[in-house]
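Please read the structure below before turning to the comments.
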Amino acid sequence: MMADNTTMFDLIRHGEPEGGPMYRGSKDDPLSDTGWQQMRDAITEADHWDAIVTSPMLRCAHFARELADRYQVPLHRDDRLREINFGEWEGRTADEVMASNGEKLSQFWADPVSNTPPGGESATDFNHRVVESWRHWQQELAGQNVLIVCHGGVIRMVVADAMNIPLKHAFSSLTTPYACRSRVQVDTSTHGRFQSLVAHGAFKTLKP
């Protein structure tokens with residue numbers, strides 16, 4: 001297919017936040033010292049971006065600002081790129097939630113569309129706002145190389161959209177550790193819009 005324009009998106013999950021692993025969601029913790037190092041280690045000499053888009057959460061936005069200043073490129077904050085709100089589970093570890101609400105947690109991971117965390121955001125609402133943002137930046141920054149600094153859940157929604165993975169399976173279809181990177185290529189032409197997952201994880205050996 002001959003593309004009228006190609007937009008390349010790199011997505012990177014934030015590093016370890018202060019407080020360590022937990023269901024954090026809308027809990028706005030900054031990066032730990034380890035998290036900062038994880039993020040900086042994930043950036044390669046081959047990286048080049050024309051723009052950076054970030055979740056407004058501290059664990060994303062602070063590092064995004066550092067990179068935007070380093071590369072002298074525009075920085076855009078998008079509230080739609082926040083992590084899913086886990087409701088009553090926020091601030092608790094997976095083991096703590098399993099001990100007190102294990103059946104509900106298992107149901108969520110088996111079918112998140114039908115099992116919203118108590119007091120949390122539905123998977124459908126979360127997916128809708130993330131995909132809305134994803135579509136917006138494809139149009140707004142068409143033809144550019146773009147970095148999106150965001151969250152594990154957000155990356156799962158984007159990759160699921162690119163690969164046509166049903167929402168029911170999107171949360172369990174991809175492992176996204178701290179500072180994990182994904183690359184999605186979007187080609188548009190007279191034949192339509194085509195998305196493809198180019199890489200996930202091993203960017204140190206990925207050629208530009």
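Quick notes
- Pairs linking a residue in the range 33-56 that is over 15 Å from Arg13 (Cβ atoms) to a residue that is modelled with pLDDT under 95 and open to solvent by 20 Å² or more (accessible area, probe 1.4 Å), with Cβ atoms under 7 Å and 6 or more positions apart or on different chains, are Thr44/Lys204; Ala46/Pro208.
- Residue check, Pro17 under 28 Å from Thr124 (Cα atoms), within 20 Å of the chain's Cα centre (by Cα) and open to solvent by 60 Å² or more (accessible area, probe 1.4 Å): no
- Qualifying helices (runs of 4 or more DSSP H) (wholly inside the range 92-208; at least 2 residues being at pLDDT 95 or above): 94-110, 123-140, 152-163
- Tabulated pairs, the range 157-169, first charged (D, E, K, R), second assigned to a helix (DSSP H, G or I), C-beta under 7 angstrom, 6+ apart or interchain: Asp161/Val131; Asp161/Trp134
- Test for Gly35: is it touching a Pro at 6+ places or on another chain (Cβ under 9 Å) and open to solvent by less than 10 Å² (accessible area, probe 1.4 Å): yes
The values are calculated or read from the model by the stated rules, or taken from the named source; none is laboratory data. Fair warning: this is a prediction, and the values are worked out from it, not measured in the lab. Every residue, glycine as well, gets a Cβ built from its backbone with ideal geometry; the counts of neighbours run over all protein chains shown. SASA here: full protein model, heavy atoms, side chains in, ligands and nucleic acids out. Shrake-Rupley method; radii C 1.70, N 1.55, O 1.52, S 1.80 Å.
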